[in-house]
Each structure stands twice: as C-alpha cells, then as structure tokens.
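Have a look at the structure below before the remarks.
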Amino acid sequence: MRRKLAAGNWKMNGTSAALSELTTLSDAHPDPGVDLLICPPATLLAAAAQTCASGRIRIGGQDCHEQTDGAHTGDISAAMLRDVGATAVILGHSERRAGHHETSEDVRAKARTAQAAGLMTVICLGESQLQREATNTLDIIGAQLSLSVPDSSTGENLVVAYEPIWAIGSGLTPTADQIGEVHDFMRTRLEKRFGAGVGRSVRLLYGGSVKPDNAEEIFAISNVDGALVGGASLKASDFDPIIRALEGA
C-alpha cells in the first residue's frame, strides 16, 4: 500500500515568524495517518528542520542544482539541503519551468543528483490552458514524465505531482474525470517503464487550487495519493483540514 502524502510548498513566502505554523501543525498531528512534508524557502530550511526535529513533519527544499558543488552563485546543492536537515526537494515546478526556463532535461539532471544525495524528489508536471484546450494534455504529460524522471527512480525516492498550470493559484480545479484520466495515465506509464513493483509504489500527488472544501473529492479519485498544496499550506488552520481529509480517504 502506498502511504498517502500531504506536501506543502510555501514558495517565496515566510519569515522566521512563520515557523510557529510548523509548531502548530506538528502539535495537531503528533502521529499522522499520512506522511507530511513542508517545503519552506531556503532561508528557513535549517530552522524548520530544527523546529520539526521531534515531530513527524519532513522538511524539503524547493529546488537544487544539478551539480554537486562549484561556481554557481545563488544556487543550492542537494548535499547542502541534506546538510541542513531536508529530506526531500521539489523539482520542475511550473514556476521554475516558466520563470527560469527549465526544461524537462534540466529537471531530470537535478533529480538524478538529488536522488544520489538521498533526497526524495517531488517532480512536477502540468499543462497550460492552451495545451488543455488543444486536447493534447496526455501528450504533454507523457513527454514531461519520460524526460523529467531519471532511471534511478524508485518508490522511495520519487513522487510525481500533477499540477495543471492553469489551476495553480487560480481557484480553478479540473473535474474529477480530468484528474483521474491524467493520474491513471501516469500510473500506466510508470508501470510500463519501471515494472509493476516500482510503478505501483510511486506516489502520485495532485496540485492546483487544493482547498479544504474540495480536498475530500480530489482524494477519492483513482491514483491520487495525496496533494502538493501551495497557499493553503502556509497556515496550519488551512492545511489541517486538507490533511484530515487525506487521512480519511
């Protein structure tokens, strides 16, 4: 059985005052029925890991460099993430792909390095509104999945998050049938590439305007093993009902 995962991406939000939200969340879930992951900005990683050291919340980064070290001003290596207590990293988020012109090949190189460093990689895939309207969503997702996921992936070091770009922060959510179609497609592709054992053990998350009032419906969809949550993960009071909906799924 795949253990469910509720992951929060804080993006470029949060100062040291936000660490109290982690304490509140940890206190509310001393023994959660699902895995919990929070990915704060890099400035908070060490403090967040220390805050959550005695609890069940894992801490992850929001990106890492494909090289292990070197002259890469402003970048962070996978080993650096591990060094401050992170156990996971988000890679290939649409905001990185668009704003930093990252290709799926770039994501694959980063994921390979991150997995070698012992990090769980949360690799994001998603289509734009134009691509969705052109009805070639599965072609886009299939290509991103093939090119972004390295051969070193296993059920322990890979999580795939489907985040339709047009739904992120927009308040729009695909229908249950649309989400289910993509998640079933990704599962089939992973099983064909890695075999049934690995392919069935990789967790598939949905992300894109996940909120307390739609979480239960989303978590009931085939092959949805949790969520990658943006804005609703910034406050424990908003993230808590999503976690509880996942625990009850």
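Computed from label points 7 Å out along Cα-Cβ, the spacing between residue 43 and residue 188 is 4.6 nm.
Using a Gaussian network model on the chain with a 10 Å cutoff between Cα atoms, which of 47, 98, 227 fluctuates the most? Largest GNM mean-square fluctuation: 98.
Look at the dipole of the chain built from charges on Cβ: of 77, 124, 214, the Cα furthest out on the positive end belongs to 77. Maximal additional length on extending the residue 213-residue 101 stretch stands at 37.0 nm, based on 0.36 nm per residue less the C-alpha distance. Close amide H partners of residue 58, meaning residues 5 or more places away or on another chain with modelled amide H under 5 Å apart, are 36, 37, 38.
Our helix-only sum for the chain, with -39,500 (n - 2.57) per DSSP H run of n ≥ 4 divided by its residues, gives a mean residue ellipticity at 222 nm of -11500 deg cm²/dmol.
Size of the stretch 172-213: Rg and Dmax of its alpha carbons, in Å, are 12.2, 36. Using the Karplus relation 6.51 cos²θ - 1.76 cosθ + 1.60 with θ = phi - 60°, the per-residue 3J(HN,Hα) values for the stretch 196-207 come to 4, x, 6, x, 8, 8, 6, 7, 10, 9, 9, x Hz, with x marking Gly and Pro. In this rough spin-label picture, where each label sits 7 Å from Cα along the Cβ direction, the residue 130-residue 176 distance is 3.3 nm. Shape analysis of the stretch 1-148 yields a ratio of the Cα radius of gyration to the Kirkwood radius, Rg/Rh, of 1.00.
Net charge of the neighbourhood of residue 45, taken over other residues with C-beta under 13 Å away and scored Lys/Arg +1, Asp/Glu -1, is 0. For the pair residue 69 and residue 16, label points projected 7 Å from Cα toward Cβ lie 2.9 nm apart. Please identify which residues in the stretch 100-118 have an amide N closer than 13 Å to a label point set 7 Å out from the Cα of residue 79, following the Cα→Cβ vector. Flagged as within label range: 114, 116-118. Charging the Cβ of each Asp and Glu at -1 and of each Lys and Arg at +1, and nothing else, the dipole of the stretch 5-247 about its Cα centre rounds to 340 debye.
One Cα centroid belongs to the stretch 187-249, the other to the stretch 36-111; the line between them spans 20 Å.
Near residue 168, within a Cβ-to-Cβ distance under 11 Å, what is the net charge of the other residues, with Lys and Arg +1 and Asp and Glu -1? Taking every other residue near residue 168 into account, the sum is -1.
Per-residue extension of 0.36 nm, minus the Cα-Cα distance of residue 23 and residue 222, leaves a gain of 68.4 nm for this segment.
No value in this document is a laboratory result; all are computed from the given coordinates. A quick note: this is a predicted structure, and the numbers were derived from the prediction, not measured. Reconstructed Cβ throughout: ideal geometry from the backbone, glycine too, with neighbour counts over all protein chains shown.
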